[in-house]
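Below is one structure, written out as structure tokens; the observations come after it.
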Amino acid sequence: MDIQFESELTIENIAIIEDVQYGDVYLDISPTEFLGLGFDYGDSVDVELSNGLVYEGLPFYDGYYGRLGDVLLCGYKKYQNVALAVCQGSMWLKYAFDESVTCGVRLREKGKFKRTQELMGREYSWDPKDYDCMFCFANLRQLKGGYIKAGTFYRGASPCNNRHGRAKFVDETISNLGIKYILDLADGPSEVEKYFARADYNSPYFLSLCQDNKVAFPDLKNDFTSAKYKEDLGNALKILIKNEGPFYIHCIEGKDRTGFVCALLEAFMGASLEEIEADYMLTYMDYFGVTKENDPETYALLHELKFLDIILCIAGVHSEEQLKNAKLMLSARRYLMECGLTFDEWSKLWYLLSGGIGTVTTSFKQEISHVNRFKK
């Protein structure tokens with residue numbers, strides 16, 4: 001790796017490594033090293049790769065603060081590599097990278113994206129004493145809205161991955177709630193086996209559900225518009241409907257992957273746009289204390305960068321203006337059909353989430369063919 005300090009801050013010939021979990025392009029340099037050279041979060045950078053790809057004016061953040069398809073440079077502070085990433089997608093697969101490619105990065109404009117970094121990059125405590133309640137610490141709550149029956153479906157942080165110190169509380173809570181089936185969106189069986197092998201593993205209820213084959217592992221990635229994402233989610237839901245609730249859904253923090261799937265299920269069950277948004281944004285009140293009233297600027301940015309693409313995807317429209325006339329319930333059913341669920345299967349899902357109160361009529365099957373999704 002050659003480092004040049006001429007008229008501009010430039011790093012050349014950086015080796016790249018595949019991020020096998022999410023498909024990012026890892027640069028062979030850590031965030032600490034990158035910052036030590038003079039780059040700062042919120043800077044604008046140019047990125048040039050030896051395979052011919054060139055990006056000008058990319059933001060450098062400590063997280064994925066972009067819309068669906070946006071390219072950025074990300075340096076999570078506790079990770080080993082700076083990553084070239086496409087939000088909600090796989091950079092590596094999209095451009096068929098191999099590890100013979102090298103990368104150069106040049107500072108373009110100091111602090112161009114500083115305000116977004118300041119608003120989105122705030123850290124939150126991993127100490128439960130800093131939260132109003134343990135449920136806020138674990139981002140744990142039940143799904144509501146539409147025809148969802150209270151006590152049928154819960155969401156929150158992981159009961160098995162104790163990275164943030166929440167697993168033991170979550171495990172005890174889902175045991176007390178009588179959870180009978182779990183959708184684990186973050187792990188595969190091999191990752192879970194590693195948790196079980198740790199000396200400090202202390203989530204016996206989750207372990208018992210795994211042993212009883214009452215946990216599904218779709219191991220979702222990022223791109224909720226992709227065929228692979230829909231196939232994996234659909235296969236998991238096909239198994240879920242063969243089981244009894246109450247159900248619990250989680251990823252690591254119960255934020256992103258959990259946020260999409262819960263928004264989808266809420267729309268599917270007839271929740272309003274306002275109800276879906278309120279539940280999604282409650283995560284950011286739990287973790288960061290952000291509400292529309294106390295921090296409207298951050299709330300608006302979170303809405304734009306985190307929630308908007310989710311609800312546009314579910315609604316099958318392309319702009320916030322079009323959301324006003326979107327048929328969320330029908331569009332969510334269309335998405336589930338794209339996941340491979342038959343009419344009878346999503347009818348069973350409806351029955352489970354409504355506690356048998358709601359009904360699904362064949363008119364939905366007829367109407368749903370008229371819902372357009374992502375027709376450009």
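Of all residues in segment 153-168, exactly one satisfies the criterion of being in contact with a strand residue (DSSP E or B) (Cβ under 7 Å, 6 or more places away or on another chain) and open to solvent by 10 Å² or more (accessible area, probe 1.4 Å), namely Y154.
Taking first residues from segment 290-302 that are under 15 Å from R122 (Cβ atoms) and partners that are open to solvent by 80 Å² or more (accessible area, probe 1.4 Å) and assigned to a loop (DSSP other than H, G, I, E, B), the Cβ contacts under 6 Å between residues at least 6 apart in sequence or on separate chains come to Y299/K292.
Restricting segment 123-140 to residues that are open to solvent by 80 Å² or more (accessible area, probe 1.4 Å) and under 20 Å from K78 (Cβ atoms) leaves a set whose member that is nearest to the chain's Cα centre (by Cα) is E123.
Can you go through D171, D232, D212 and tell me which one is without any contact (Cβ under 8 Å) to a residue 40 or more places away in the chain, surrounded by 15 or more Cβ atoms within 10 Å (Cβ to Cβ) and over 17 Å from Y22 (Cβ atoms)?
Details: D232 fails: over 17 Å from Y22 (Cβ atoms); D212 fails: surrounded by 15 or more Cβ atoms within 10 Å (Cβ to Cβ).
Answer to the selection: D171.
Look at D219 and say whether it is part of a loop (DSSP other than H, G, I, E, B), crowded, with 20+ Cβ neighbours inside 10 Å and of a type in the set (D, E, K, R). Here the answer is no, as D219 does not meet what is asked.
Right, T258: part of a helix (DSSP H, G or I), among the β-branched types (V, I, T) and touching a Pro at 6+ places or on another chain (Cβ under 9 Å) or not? Before the answer, list the steps.
Numbers: part of a helix (DSSP H, G or I): yes; among the β-branched types (V, I, T): yes; touching a Pro at 6+ places or on another chain (Cβ under 9 Å): no.
So T258 fails the test.
Could you list, in sequence order, all residues of segment 174-193 that are surrounded by fewer than 18 Cβ atoms within 10 Å (Cβ to Cβ) and either modelled with pLDDT of 95 or more or in contact with a strand residue (DSSP E or B) (Cβ under 8 Å, 6 or more places away or on another chain) (or both)? Once the filter is applied, which keeps residues that are surrounded by fewer than 18 Cβ atoms within 10 Å (Cβ to Cβ) and either modelled with pLDDT of 95 or more or in contact with a strand residue (DSSP E or B) (Cβ under 8 Å, 6 or more places away or on another chain) (or both), segment 174-193 yields S175, N176, L177, G178, K180.
Could you please give the count of residues in segment 1-44 that are assigned to a strand (DSSP E or B) and either of a type outside the set (S, T, N, Q) or at pLDDT 95 or above (or both)?
Our first condition is that a residue be assigned to a strand (DSSP E or B); within segment 1-44, this holds for 2-5, 9-18, 25-27, 44.
Subset that is either of a type outside the set (S, T, N, Q) or at pLDDT 95 or above (or both): 2-3, 5, 9, 11-12, 14-18, 25-27, 44.
Count: 15.
Can you give me the number of residues within segment 269-289 that are part of a helix (DSSP H, G or I), of a type outside the set (D, E, K, R), crowded, with 20+ Cβ neighbours inside 10 Å and in contact (Cβ under 8 Å) with a residue 60 or more places away in the chain? The total comes to 3.
If only one of Y248, Y205 is open to solvent by 20 Å² or more (accessible area, probe 1.4 Å), closer than 25 Å to A150 by Cβ and in contact with a helix residue (DSSP H, G or I) (Cβ under 6 Å, 6 or more places away or on another chain), which one is it? If you could, list the steps in order and put the result at the bottom.
Details: Y248 fails: open to solvent by 20 Å² or more (accessible area, probe 1.4 Å).
Of Y248, Y205, the one residue that is open to solvent by 20 Å² or more (accessible area, probe 1.4 Å), closer than 25 Å to A150 by Cβ and in contact with a helix residue (DSSP H, G or I) (Cβ under 6 Å, 6 or more places away or on another chain) is Y205.
Each row is one residue, and each column tells you yes or no for (1) under 18 Å from W346 (Cβ atoms); (2) crowded, with 20+ Cβ neighbours inside 10 Å; (3) at pLDDT below 95.
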position	(1), (2), (3)
K255	no, no, yes
T258	no, yes, no
C262	yes, yes, no
A267	yes, yes, no
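Tell me whether segment 38-54 contains one or more residues that are open to solvent by less than 10 Å² (accessible area, probe 1.4 Å), touching a residue at least 12 places away in the same chain (Cβ under 8 Å), of a type outside the set (A, V, I, L, M, F, W, C) and under 28 Å from E320 (Cβ atoms). Yes: one or more hits.
I'd like to know if segment 315-325 contains one or more residues that are farther than 15 Å from A271 by Cβ, in a helix (DSSP H, G or I) and at pLDDT 95 or above.
The initial filter retains those residues of segment 315-325 that are farther than 15 Å from A271 by Cβ, namely 316-322, 324-325.
From what's left, in a helix (DSSP H, G or I): 321-322, 324-325.
In the following step, the residues that additionally are at pLDDT 95 or above were identified as none.
No, because not a single residue in segment 315-325 is farther than 15 Å from A271 by Cβ, in a helix (DSSP H, G or I) and at pLDDT 95 or above.
Quick check, is S319 among the polar types (S, T, N, Q), under 23 Å from Y154 (Cα atoms) and out of contact with any His (no Cβ under 6 Å at 6 or more places or on another chain)? Even if it seems obvious, please write down each step before you answer.
Values: among the polar types (S, T, N, Q): yes; under 23 Å from Y154 (Cα atoms): no; out of contact with any His (no Cβ under 6 Å at 6 or more places or on another chain): yes.
Spelling it out, it is not the case that S319 is among the polar types (S, T, N, Q), under 23 Å from Y154 (Cα atoms) and out of contact with any His (no Cβ under 6 Å at 6 or more places or on another chain).
Going through (1) open to solvent by 30 Å² or more (accessible area, probe 1.4 Å); (2) within 26 Å of L312 (Cα to Cα) one by one, K110 falls short only on (2). Look at segment 145-158: where a residue is more than 14 Å from M269 (Cα to Cα) and a partner is open to solvent by 10 Å² or more (accessible area, probe 1.4 Å) and among the charged types (D, E, K, R), sitting 6+ places away or on another chain with Cβ atoms under 6 Å, you get A157/E253.
The values are calculated or read from the model by the stated rules, or taken from the named source; none is laboratory data. Given the structure is predicted, the values throughout are model-derived calculations rather than measurements. Every residue, glycine among them, receives a Cβ derived from its backbone with ideal geometry; neighbour counts consider all protein chains shown. In case anyone asks, the SASA skips ligands and DNA or RNA and just uses the protein heavy atoms, side chains included. Shrake-Rupley method; radii C 1.70, N 1.55, O 1.52, S 1.80 Å.
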